[in-house]
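Student: Structure incoming, see below.
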């Protein structure tokens, strides 16, 4: 799959873009992102954003899922700074064992 492959909103392709420290979905040239920082084997999920006309289409959910699966596969601890990700994790107990909201 191409790094910036475009899909429609019904079939979004999440791309991990480590050079920009984010997960991305490109829908018709419009980018939705989940930005992160990485330090000491911890993935800090900072901010989720989608263009206004693509909000409420599940793209943030797809981004959160992809980031959390990436963390699980790489045995990383996640620090959920982003309120959207915090809400996602609260309703998905399968991630709660390796996610925290504490930066300490």
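Read the figures in this text as sums done on the coordinates, not as results from a lab. From a predicted model like this one, the values you see are computed outputs, not experimental measurements. Cβ atoms come from the backbone with ideal geometry, glycine included; neighbour counts cover every protein chain shown.
Student: Remind me, relative contact order of the chain in percent, using alpha carbon pairs under 8 angstrom and six or more residues apart?
Tutor: Taking the mean separation of contacting Cα pairs over the length of the chain, I get 20 percent.
Student: Of all alpha-carbon pairs in the chain, indicate the percentage at a distance above 20 angstrom.
Tutor: Summing the P(r) tail past 20 Å for the chain gives 33 percent.
Student: Now, a different point. Once the piece of chain linking residue 16 and residue 46 is laid out straight, how much longer is it, given 0.36 nm per residue of separation minus the C-alpha distance between them?
Tutor: 9.3 nm
Student: A further question on this structure: Counting other beta carbons within 10 Å of each Cβ, put 39, 30 in order, fewest first.
Tutor: By the 10 Å Cβ count, ascending: 39, 30.
Student: When the chain is modelled as a GNM with alpha-carbon springs shorter than 10 Å, which of 21, 86, 55 fluctuates the most?
Tutor: Among 21, 86, 55, the largest mean-square fluctuation in the Gaussian network model of the chain belongs to 55.
Student: Also, I was wondering about something else. Give me the extension gain from residue 91 to residue 38: residue separation times 0.36 nm, minus the current Cα-Cα distance, reported in nm with one decimal.
Tutor: Contour length minus Cα-Cα distance gives 16.7 nm.
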